[in-house]
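The values are calculated or read from the model by the stated rules, or taken from the named source; none is laboratory data. Because the structure is a prediction, the values reported are computed rather than measured. A quick note on method: Cβ atoms are made from the backbone with ideal geometry, for glycine too, and the neighbour counts reach across all protein chains shown. Remember, those area values only see protein heavy atoms, side chains included, never the ligands or the DNA or RNA. Shrake-Rupley method; radii C 1.70, N 1.55, O 1.52, S 1.80 Å.
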Amino acid sequence: MTARETIESGKAILGIEFGSTRIKAVLIDEENKPIAQGSHEWENSLVDGLWTYSIEEIWYGLQDCYADLLKDVKAQYDCVIEQLAAIGISAMMHGYMAFGEDDKILVPFRTWRNTNTGKAAAALSELFVYNIPLRWSISHLYQCILDGCDHVKDIKFLTTLAGYIHWQLTGEKVLGVGDASGMIPIDPATKDYNAEMVKKFDELVAPKGYPWKLLDILPKVLVAGEKAGVLTDEAAKRLDVSGNLKGGAPLCPPEGDAGTGMVATNAVKQRTGNVSAGTSSFSMIVLEKDLSKPSEMIDMVTTPDGSLVAMVHCNNCTSDINAWVKLFREYQELLGVPVDMNEVYGKLYNNALKGDADCGGVLAYNYISGEPVTGLQDGRPLVVRSANDKFNLANFIRSNLYATVAVLKLGNDILFNEEKVKVDRITGHGGLFKTKGVGQRVLAAALNSPISVMETAGEGGAWGIALLAGYVVNNSDDRNLADYLETVVFGGDTGTEIAPTPEEVEGFNRYMEGYKAGLAIEKAAVENKK
């Protein structure tokens, strides 16, 4: 079939992912190839000290993103979408969306970015003997309980952003196992919430006398390949304000951006991993066995089919270096030089590779927001140098590139050096890798490991969730997810690999010695921030 025939016959599959700064829609054909896309730019807001997006922003963003997809379909194929073969919804993981009796949200959506949950996360980590990060839904819930928030007694449903959108489109209160593993730990044996931890939590909060127990308010857990409801006629009209889209399309379990990143990089099999590097960054290493002990730097989540994953999540990645690049754009504009942002990034990033392997002593801290891995609840971007450091453009940009993955390195050093985790392939995807070869080489030096990047990795999580939707309707041979991706989607393609040189690894390690010592400077800056 041509792409137009695929769309007109209702055989195209739609994936939509809500990222931190962009909502993206990807339409794929029966061979899993993207044939159209749309997007919507958005930003979270700091309201009463908490990062949030309003319900109105969520729905406007979804509708505008879908409308932008329709424009692309019209421009390329001169047709409209009336029926879809399947749909998948994905979004940034974690956070807190609590709903009451009337299905109305009880307090504004609290995103993964919030770091106000320190007391709750510490208490639950001790209770469960398991690392419970600040951003997990259970941390947000317990922090609300510790803070005596009145709305907690009224909770009827607690979910993530992906779970919320899916519920609104289908009426089903479900969640993919990967996204669910960012609410409360999952038992890999049952591929469901950890029963012992659920029991401990219920006992912990029992004296409060709430009318619910934890499982009463959490979404049902589903694994990849399971049907998770269908698009209702009413929801179709809400999604597509033009009115052409009909209901009836099946949806896959809603997933988090970590899970869709694993799918988009063919990294759901044991001994594979991926690194997503954009506004935030995280590495996902699929384990052969559990770790020997909990670590505050490592979160234990799962693949979309329930395998155990060691996740190192960093709140900050490319936002600060993007701000610096925009500063150079302003300088070009002052000179009257035409600006092509891809060229600006390319020139600055490639020139950075000419800098010293340790950045000449120049340090950068890219903390736009707090960074739990390094124990900071707030952030203040800094560039630090002494009079004797080699301060030039190459070292300056190189230091800011190193900063994008410095915190990621701290957690992965525990996995590779202390836990002796073995990995056959790590694949990078996200904005950091857009300039060919540069971010890939920096990450390789940081992790002391070859890094692969696929041509398709730029398609991102929206493509990943579209593949998961396709897995529901097109897995006629009943393959497991890893085999389906390997044979049906990627056909053995593992991308282009770059291995670090010993000099690059040694240089990054020297940079990290200064970086760790200089964290005291960042801490002082945060404590004295106006």
Given backbone amide H placed at 1.01 Å from N, residues whose amide H is under 5 Å from that of residue 302, ignoring those fewer than 5 places away on the same chain, are 181, 309
Projected label distance in nm at residue 101 and residue 331, using a 7 Å step from Cα toward the beta-carbon
6.2
For the range 495-507, take each phi angle, set θ = phi - 60°, evaluate the Karplus expression 6.51 cos²θ - 1.76 cosθ + 1.60, and give the result in whole Hz per residue in order, putting x for glycine and proline.
x, 9, 9, 10, 9, x, 8, x, 5, 5, 5, 4, x
Mean Cβ count within 10 Å, highest first, over the residues of peptides 180-187, 250-257
250-257, 180-187
Ordering 54, 137 by accessible area with a probe of 1.4 Å, largest first, what comes out?
54, 137
Output needed: Cys residues of the chain lacking any neighbouring Cys C-beta below 4.7 Å, sorted by number.
65, 79, 252, 314, 317, 359
Sum -39500 (n - 2.57) across every DSSP H segment of at least 4 residues in the chain, then divide by the residue count to get the 222 nm mean residue ellipticity, nearest 500.
-11500 deg cm²/dmol
Karplus-derived 3J(HN,Hα), 6.51/-1.76/1.60, for each residue of the range 110-120, Hz, glycine and proline x:
9, 7, 4, 6, 6, 10, 8, 9, x, 5, 5
If amide H atoms are modeled at 1.01 Å from N in the peptide plane, then the residues at a separation of 5 or more from residue 368, or on another chain, having amide H under 5 Å from its own are none
For residue 22, what residues show an amide H to amide H distance below 5 Å, using hydrogens built from the backbone and excluding near sequence neighbours?
42
Determine how large the accessible area of residue 488 is when every protein chain is in place; take a 1.4 Å probe and give Å² rounded to the nearest 10.
60
Rolling a 1.4 Å sphere over the protein heavy atoms, what is the accessible area per residue of the range 289-423, to the nearest Å²?
44
Let me see the pair-distance distribution of the chain: every alpha carbon pair, 10 Å bin width, integer percents in order.
4, 19, 29, 27, 16, 5, 0
Percent accessible area from carbon and sulfur atoms, the chain, protein chains only, probe 1.4 Å:
48
Quick one: net charge of residue 9's neighbours, Cβ under 14 Å, K/R +1, D/E -1?
-2
Mean accessible surface per residue for the range 486-530, computed with a 1.4 Å probe while every protein chain stays in place, in Å²
60
The lysines whose Cα lies under 25 Å from the Cα of residue 173, excluding any fewer than 8 residues away in the same chain, are 24, 104, 153, 156, 191, 199, 200, 213, 220, 227, 237, 246
Quick check for you: with a 1.4 Å probe and neighbouring chains kept, what is the accessible area per residue of the range 87-138, in Å²?
31
Hull surface over four for the Cα convex hull of the range 152-266, reported in nm², is 8.7
